[in-house]
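Read the structure below first, then the notes.
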Amino acid sequence: MKKNIKLQSFITIGMLSSISFLLMLFNFPIPPFPAFLEVDFSDMPALLAAITMGPVAGILVELFKNILDWIFSGTPTGVPVGHIANFVTGILFILPVSFVFNRFKTMAGLVGGLATGTVVMAVGMSFLNYAVFLPMYTYFLGMEPVVGDSLYKMIIAGILPFNIVKGVLLTAIMVLLFTTMRRWIEQQRTMYLSK
């Protein structure tokens, strides 16, 4: 029985990763934010994996979708900086949701987790873009580094509010999904997370 559950979990993670990869292709910018910041809904399958199968499953979906996108889409820098950033963004969002929801297991717990995930993602990616990702982009693209007031403005007026808006959109969709799929989600949690 345990072997069957393990095999089924691998298959489910593979399917959710594929769906996540396909959703990643349908990305779009949100004016007035910088054009390189694009929203997609590829975190939804990873979030479903995290709350039904545990945080490791969600992390694996985030990893596999980014590997697939890197293989099929490539990257302008030659180094998957954007994919690494997307992976980290997804983890910063889904892990708080998973931990809070697993503690309370209610709609209120889910909303609380989604709110926490939004804040963690927005603040975390602001710091990481400042310290890691924006410097990596400019370095690998051979561009002048963004520094001083320009960098501060890009983080405070662009990246931080963008990730808050993204989190709000993901929250609205997840609440809708949870409302319509609650029975299925509970069945999956019973199957994968019961000891």
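The values are calculated or read from the model by the stated rules, or taken from the named source; none is laboratory data. Please read these numbers as outputs of a predicted model, since none were measured by experiment. Note that we place each Cβ from the backbone using ideal geometry, even for glycine, and neighbour counts take in every protein chain shown. Remember, those area values only see protein heavy atoms, side chains included, never the ligands or the DNA or RNA. Shrake-Rupley method; radii C 1.70, N 1.55, O 1.52, S 1.80 Å.
Take every pair of alpha-carbon atoms less than 8 Å apart whose residues are at least six positions apart; their mean separation over the length of segment 1-134 yields a relative contact order of 19 percent. For 178, 21, the ranking by accessible surface with the largest value first comes to 21, 178, using a 1.4 Å probe. Rounded to whole numbers, the Karplus 3J(HN,Hα) couplings from phi for segment 107-115 are 4, 4, x, 5, 5, x, x, 5, 5 Hz, using 6.51 cos²θ - 1.76 cosθ + 1.60 with θ = phi - 60°, and x at Gly and Pro. Counting pairs on different chains as well as pairs 8 or more places apart, how many Lys pairs in the chain have Cα atoms under 21 Å apart? Eligible lysine pairs with Cα atoms under 21 Å apart amount to 7. Each peptide in 52-65, 114-127 receives the mean, over its residues, of other Cβ atoms within 10 Å, and ordering these scores from highest gives 52-65, 114-127.
Working from label points 7 Å from Cα in the Cα-to-Cβ sense, the residue 106 to residue 173 distance is 2.8 nm. 3J(HN,Hα) along segment 48-60: 4, 4, 5, 7, 9, 10, x, x, 4, 4, x, 4, 5 Hz, from the Karplus curve 6.51 cos²θ - 1.76 cosθ + 1.60 with θ = phi - 60°, whole Hz, x for Gly and Pro. With a/c under 1.5 counting as rounded, go ahead and sort segment 152-195 into rounded, prolate or oblate using the C-alpha gyration tensor (a ≥ b ≥ c being the square roots of the eigenvalues; past the cut-off, prolate if a/b is larger than b/c, else oblate). Oblate.
Considering the chain at the alpha-carbon level, its Rg and Dmax are found to be 17.3, 59 Å.
Residue by residue, segment 65-71 carries 3J(HN,Hα) couplings of 5, 6, 5, 4, 5, 5, 5 Hz when phi is fed to the Karplus relation 6.51 cos²θ - 1.76 cosθ + 1.60 (θ = phi - 60°); x denotes Gly or Pro.
Remark: segment 36-112 carries 39 Å² of accessible area per residue (probe radius 1.4 Å; ligands, DNA and RNA excluded). Candidates 170, 193, 39 compared by Cα position along the dipole of the chain: farthest toward the positive end lies 193, with charges placed on Cβ. Each semi-axis of the equivalent ellipsoid for segment 41-140 is √(5λ) with λ an eigenvalue of the Cα gyration tensor; in descending order they amount to 27, 16, 8 Å.
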